[in-house]
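Okay, structure first, notes after.
The values are calculated or read from the model by the stated rules, or taken from the named source; none is laboratory data. Just so it is clear, the model here is predicted, and its values are computed rather than measured.
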Amino acid sequence: MAYLDKDQHQALRAEAAREGVSMAELLRRVVRKHLQDRAGGPRVPREAYLKLVALGTSGYTDVAERHDAYLAGALRDERPR
């Protein structure tokens, strides 16, 4: 069981209504995200990967050899700070 102050309860109720979910579901989502973040940092959104597809000519001549480094750098730049 969790106890919230009045302002927290009202804010969560309003957000749950905006999302079209119950407060219990909203709290499960918040807890799930918190636990994922603690386990290994925020997950990289799928859109970050899609930005890499068909980018065209990069000008780099070593992409085949260094693709992992370039991918890691692109994903690092997409992470919220």
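Let's see how each residue does on (1) of a type in the set (Ser, Thr, Tyr); (2) on the phi < 0 side of the Ramachandran plot:
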residue: GLN8; (1), (2): no, yes
residue: ARG13; (1), (2): no, yes
residue: GLY20; (1), (2): no, no
residue: ARG28; (1), (2): no, yes
residue: ASP37; (1), (2): no, yes
residue: LEU52; (1), (2): no, yes
residue: SER58; (1), (2): yes, yes
residue: TYR70; (1), (2): yes, yes
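So which of GLY41, GLY56 ends up being at pLDDT below 80 and over 19 Å from the mean Cα position of the chain (by Cα)?
GLY56
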